[in-house]
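Derivation of every value follows stated rules applied to the coordinates shown; laboratory data play no part. Quick caveat: nothing in here was measured; it's all calculated off a predicted structure. Cβ placement follows ideal geometry from the backbone for every residue including glycine, while neighbour counts extend to all protein chains displayed.
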Amino acid sequence: MFTFLGGRPCLDLTTTLQVRHRDHPRELLTSPAEVTRWLAEAGFGTGIAVDDDGLGRTVDLRETVDRLCRGTARAADRTRLNAFAAPPPLVPHWTGTAIEHRGDLGQALSTLARDAIDLLAGPHAPRIRECAHPDCSRLFLDASHAGRRRWCGMTTCGTKAKSASYRRRKSTRP
């Protein structure tokens, strides 16, 4: 099961490579089936067919978005993002009780790229943050009123960091 704490689908995609700053990051998209599962869990529809080429394209988009969000973009990254966004996006379909998205992988990647463009070109771009926990490298959108959120999620990294800080303070007291 994937975790969605980024606040935007494009940021959640970047977290499918975890602990990026470590020597051995943890890749969650290890097969085409994992991409299909991530898309379904992210709300992009079930049963989107993904092959090895599709896995590569998804990872390429993920890394492009990650570099653009972290300010480490390569010269061609903006062009790549625009190319991913060029095909038509997924089509929403209302079932009467829910919204389903229909389309293929190209449309799903286009929808994700368009989300990234909207975020990066919009007023919320300065609020893209990296989690402050040393064992986390998730990007998230800081939607807090004060704009000082430090962790991707309070129930995950925030609690771990505060507990560790408390234990350090307790152990140094006489």
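For this structure, a couple of remarks:
- Condition check for GLU34: closer than 26 Å to CYS136 by Cα, exposed (fewer than 12 other Cβ atoms within 10 Å of the Cβ) and either without any contact (Cβ under 8 Å) to a residue 12 or more places away in the chain or of a type in the set (D, E, K, R) (or both): no
- Restricted to region 44-60, and to residues there that are buried (at least 19 other Cβ atoms within 10 Å of the Cβ) and among the β-branched types (Val, Ile, Thr), the residue that is nearest to THR15 (Cα to Cα) is THR58.
- Residue that is farthest from GLU63 (Cα to Cα), among those in region 3-49 that are touching a strand residue (DSSP E or B) at 6+ places or on another chain (Cβ under 8 Å) and part of a helix (DSSP H, G or I): LEU11
- Among (1) surrounded by 12 or more Cβ atoms within 10 Å (Cβ to Cβ); (2) closer than 30 Å to SER144 by Cα; (3) in contact (Cβ under 8 Å) with a residue 12 or more places away in the chain; (4) in contact with a helix residue (DSSP H, G or I) (Cβ under 9 Å, 6 or more places away or on another chain), the one test that GLU41 misses: (4)
- Test: residue in region 88-102 that is part of a helix (DSSP H, G or I), surrounded by fewer than 19 Cβ atoms within 10 Å (Cβ to Cβ) and out of contact with any helix residue (DSSP H, G or I) (no Cβ under 8 Å at 6 or more places or on another chain): no
- Neighbours by Cβ (under 8 Å, 6+ apart or cross-chain): first from region 77-92, without any contact (Cβ under 8 Å) to a residue 24 or more places away in the chain; second assigned to a helix (DSSP H, G or I) and surrounded by fewer than 18 Cβ atoms within 10 Å (Cβ to Cβ): ASP77/ARG67; ARG80/ASP60; PRO87/GLY106
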